[in-house]
Each structure stands twice: as structure tokens, then as C-alpha cells.
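Before any comments, here is the structure.
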Amino acid sequence: LRTDYISPNFDPRQTNTSIDMLVIHYTGMPTAAAALARLCDPRAEVSAHYLIEEDGAMFCLVDEENRAWHAGVSQWRGHANVNDRSIGIELVNPGHEFGYRQFPRPQMDALINVARDILVRHPIPARNVVGHSDVAPARKLDPGELFDWKALAAAGIGLWPDN
């Protein structure tokens, strides 16, 4: 876990709001370096708690006790402002605009490991492990149709329907 990049794009959480959501994103940028630069640029006003590269290297950009700015205008299960109650994880992937592709196994393994750790620290129900497209369906496509929700659910994170 690398902490040599810290995003300035966060603010304190409200003291009466518990963390009960995990939101998965893709970066949607041509390179990992470009995504990391944007997530740490104060002018961009966007961030996430974690960034995971395709080789599984992981960056902690915002401490979980703070509110990262990853979901934007969003809502889930009757709650607006998803950033207030969630942990955001960005997966390096060029996204639909720049050559969307499969999420490599090392990246998925790193995601599973960090998500398991997060679930130990925070009471996040399986129904609240979601994609950016779930909380902002009119605006976002990520993590998209190539994301392996089934593998995540098999690892005990989130839901996947039985056949």
C-alpha cells in the first residue's frame, strides 16, 4: 500500500454519519499516471480513498475517516450525497472512452483484499457494495459490464444473483 500520493480533495465526514457503502469506479483515463495526477490535483476537486493499478499496486489517497469526493451527485436506497457515507475505490481502466478492457486478475485480487479489510472496519451490507453507475445511473457507466461482480460476491463482497 503506497501512501506517497495524498489527495487534497477531501473534507471531514459528518460525525453522525456511519460508513455503510463501498463504491467501485474505473478511472476512465488513458493512463494510471494521468488518473493519479487528476485525483491529487486540487483544481480537479475529485478523489477516492484508494486507487488500484492493473498490476495490483495500491495507493491510499484519502484516509477512510475523511470524505473523498468520488461519487458526485448521487443517491442509493433513499440516501443522497453518497460521498458522505461511503468509501470510494478507483480501478485503473481507460474506460469506455479510451479503450475499455477487462480488469486484470492482480487488480481484482488487490480489490478483494482491500475490500475485505474495509468490511472488517465498517458495517457495509452486501447490498451497499455498488458501482458508480448504480449511484449515478444518468451520468456514469463505471465500472461497467466487464467488471467481475460475480468474483467479488464469491469472495464475500457484495451480491451476485443465483442462476
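So which strands (runs of 3 or more DSSP E) stay within segment 51-132 end to end and still have 1 or more residues that are hydroxyl-bearing (Ser, Thr, Tyr)? I'd like the intermediate steps shown before the answer.
Details: elements: 58-60, 66-68, 86-91, 129-131.
Filter on segment 51-132 gives 86-91.
For the condition open to solvent by 30 Å² or more (accessible area, probe 1.4 Å), modelled with pLDDT of 95 or more, within 21 Å of Tyr5 (Cβ to Cβ) and touching a helix residue (DSSP H, G or I) at 6+ places or on another chain (Cβ under 8 Å), what is the one hit in Val46, Val92? If you could, list the steps in order and put the result at the bottom.
Working: Val92 fails: open to solvent by 30 Å² or more (accessible area, probe 1.4 Å).
Only one candidate qualifies: Val46.
Among the residues of segment 4-14, are any buried (at least 22 other Cβ atoms within 10 Å of the Cβ) and closer than 22 Å to Glu145 by Cβ?
no
Condition first: charged (D, E, K, R), without any contact (Cβ under 8 Å) to a residue 40 or more places away in the chain and either under 21 Å from Tyr5 (Cβ atoms) or surrounded by fewer than 21 Cβ atoms within 10 Å (Cβ to Cβ) (or both). Can you find one or more residues in segment 64-82 that meet it? It would help to see each step written out before you state the result.
Narrowing segment 64-82 to residues charged (D, E, K, R): 64-65, 67, 77.
Then keep just the ones that are without any contact (Cβ under 8 Å) to a residue 40 or more places away in the chain; that gives none.
No - not one qualifying residue is present in segment 64-82.
Quick one: which residue in Ala126, Ala136 is small (Gly, Ala, Ser) and farther than 20 Å from Ala68 by Cα?
Values: Ala136 fails: farther than 20 Å from Ala68 by Cα.
From the options Ala126, Ala136, the qualifying one is Ala126.
Pick from Asp162, Asp63: which is within 28 Å of Ala37 (Cβ to Cβ) and among the charged types (D, E, K, R)?
Values: Asp162 fails: within 28 Å of Ala37 (Cβ to Cβ).
Just one listed residue meets the conditions, Asp63.
Of all residues in segment 32-43, which are closer than 24 Å to Ile112 by Cβ and open to solvent by 20 Å² or more (accessible area, probe 1.4 Å)? Steps first, please.
Start the filter on segment 32-43 by keeping residues that are closer than 24 Å to Ile112 by Cβ, which leaves 32, 35-36, 39.
Listed by number, the list holds a single entry, Ala32.
Could you please find all residues in segment 1-49 being outside any loop (DSSP other than H, G, I, E, B) and of a type in the set (Gly, Ala, Ser)? Steps first, answer last, please.
Initial filter on segment 1-49 (outside any loop (DSSP other than H, G, I, E, B)): 2, 10-12, 21-26, 32-39.
Within segment 1-49, Ala32, Ala33, Ala34, Ala35, Ala37 qualify.
Would you mind stating whether Asn81 is at positive phi, among the polar types (S, T, N, Q) and at pLDDT below 95?
On the way: at positive phi: yes; among the polar types (S, T, N, Q): yes; at pLDDT below 95: yes.
For Asn81, the condition - at positive phi, among the polar types (S, T, N, Q) and at pLDDT below 95 - is met.
The values are calculated or read from the model by the stated rules, or taken from the named source; none is laboratory data. The shown structure was predicted, so the numbers you read here are calculated from the model rather than taken from an experiment. Counting neighbours? That spans all protein chains shown, and the Cβs are built from the backbone with ideal geometry, glycine included. Just the protein is used for accessible areas: all its heavy atoms, side chains included, with ligands, DNA and RNA removed. Shrake-Rupley method; radii C 1.70, N 1.55, O 1.52, S 1.80 Å.
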